[in-house]
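Here the structure comes first, spelled out in structure tokens, and everything after it is commentary.
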Amino acid sequence: MKRVLSGIQPSGQLTMGNYIGAMQNFVKLQHDHECFFMIVDLHAITVPQDPAALREQSEQVAALYLAAGIDPSKASIFLQSHVPQHAELGWLMTTIANMGELERMTQFKDKSEGKESIPAGLFVYPTLMAADILVYNAELIPVGDDQKQHLELTRDLANRFNHRYGDTFRMPEPYTPEVGARIMSLDDASKKMSKSNPNAGSYIALLDDPAVVRKKISRAKTDSEALVKFDPANKPEISNLLGIYSHISGLSVAEIEAKYEGQMYGPFKKDLGELVANFLEPLQARYREVRQSGELYDVLKQGAERAQEVAQLKLDDVKKRMGFVMPR
Ligand code: ATP
Ligand code: MG
């Protein structure tokens, strides 16, 4: 049994990318491990958020966790902002990091690109993420490919701290899906699918109406070769759709290629639209039940209590080692 930790930002509508890259593994891991799954609202505000939207999105993420099958009797589900130890250790870790290594983070480069004024929170985001993980001694971190660099930095910071102050933090490992660790945008296969993309046509949201899902997939960009073949280097768009198809259907990519041999993209896209819509319908029905039941607040309260208990132990240890006077 390992300690598992991960989170999703309430920064927009959760996408198939979040599901395939992260959430699907949350559901799997909860059976054999001690899991902590957060709604990382403190991370979401590293880009401006409308307060009402942030509240709604935070509840959406929590309800989607439950709808996707995370069982609160097995895993702790909580809001990052309900566990103040994250922000406190986050500050301490910021003092361990240096500017150069933060400047190298591709997420920072991507998200700050073209911005006239860059929020400082966006820059120090990885130090808070390091704290999220290290404060629980978490070992397995289910994330998509895009977070691997941040996890590497977390390990670097943990090593530096351990070296300076003695053995304190455990080294976390990423846990990514074999296929689908990076689902790409529907309109531009050079960019990953992201919920904060202003073009809603670029992603499939887990809460999209089935009719909208079918339409988005039918409009997804493809090449002009009309050959359903997995070839990410030369045919990134269709390869991305094949990856989604494979994940949802359970068929291998080779089986899907064989099924559509000699056919144009139309039938493939139509079937994929059906497949995704049929997958989302029961998830959305459970989501609506969760929202109506009012169970969310109890789940979040319980989760935060458990998380605080664990996190405070580590925070105290860290503060003692760094030389803070502890209250008596
Ligand atoms: P934002 O655009 O606000 O950063 P996001 O879609 O990138 O949103 P995050 O909350 O940053 O979502 O990430 C939540 C989890 O989903 C992380 O584990 C991340 O690696 C994973 N993830 C995000 N996008 C993808 C993707 N396109 N493919 C696979 N996994 C993804
Ligand atoms: Mg992201």
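The values are calculated or read from the model by the stated rules, or taken from the named source; none is laboratory data. Nothing here was measured: the structure is a model prediction, and the numbers come from that model. As a convention, Cβ positions derive from the backbone with ideal geometry for all residues, glycine included, and neighbour counts pool all protein chains shown.
What to note about this one:
- For the stretch 201-210, a residue qualifies if it is more than 16 Å from ligand 2 (Cβ to nearest atom) and out of contact with any helix residue (DSSP H, G or I) (no Cβ under 8 Å at 6 or more places or on another chain), and exactly one does: Asp209.
- Restricting the stretch 27-61 to residues that are in contact with a Ser or Thr (Cβ under 6 Å, 6 or more places away or on another chain) and in a helix (DSSP H, G or I), the residue that is surrounded by the fewest Cβ atoms within 10 Å (Cβ to Cβ): Asp41
- Qualifying residues in the stretch 212-226 (those that are in contact with a helix residue (DSSP H, G or I) (Cβ under 8 Å, 6 or more places away or on another chain) and not basic (Lys, Arg)) - the one farthest from ligand 1 (Cβ to nearest atom): Ala226
- Total residues in the stretch 74-125, condition within 16 Å of ligand 2 (Cβ to nearest atom), closer than 30 Å to Glu309 by Cα and among the acidic types (Asp, Glu): 0
- Residues in the stretch 131-148 that are under 15 Å from Ala87 (Cβ atoms) and either more than 16 Å from ligand 2 (Cβ to nearest atom) or β-branched (Val, Ile, Thr) (or both): Ala131, Ile133, Leu134, Val135, Tyr136.
- The one condition in (1) in contact (Cβ under 8 Å) with a residue 24 or more places away in the chain; (2) surrounded by fewer than 16 Cβ atoms within 10 Å (Cβ to Cβ); (3) β-branched (Val, Ile, Thr) that Val325 fails to fulfil: (1)
- Some residue of the stretch 147-159 being touching a residue at least 40 places away in the same chain (Cβ under 8 Å), within 12 Å of ligand 1 (Cβ to nearest atom) and outside any helix (DSSP H, G or I): no
- Counted as qualifying within the stretch 243-328 are the helices (runs of 4 or more DSSP H) with 3 or more residues that are under 30 Å from Gly166 (Cβ atoms), namely 296-322.
- Qualifying position, being farther than 20 Å from Met171 by Cα and touching a strand residue (DSSP E or B) at 6+ places or on another chain (Cβ under 6 Å), among Val27, Val40, Val4: Val40
- Residue within the stretch 185-197 that is within 16 Å of ligand 1 (Cβ to nearest atom), in contact with a Pro (Cβ under 6 Å, 6 or more places away or on another chain) and not assigned by TED's automatic domain parsing to the domain that holds Glu237 present: yes
- Hits in the stretch 1-25 (condition: assigned to a helix (DSSP H, G or I), more than 9 Å from ligand 1 (Cβ to nearest atom) and surrounded by 24 or more Cβ atoms within 10 Å (Cβ to Cβ)): none
- Residue in the stretch 164-186 that is at pLDDT below 95, in contact with a strand residue (DSSP E or B) (Cβ under 6 Å, 6 or more places away or on another chain) and outside any helix (DSSP H, G or I) present: yes
- Residue, nearest to Leu92 (Cα to Cα), within the stretch 130-180, restricted to residues that are crowded, with 17+ Cβ neighbours inside 10 Å and of a type in the set (Gly, Ala, Ser): Ala131
- Which listed residue is modelled with pLDDT of 95 or more, in a loop (DSSP other than H, G, I, E, B), within 16 Å of ligand 1 (Cβ to nearest atom) and surrounded by fewer than 21 Cβ atoms within 10 Å (Cβ to Cβ), from Ile70, Ile96, Ile118: Ile118
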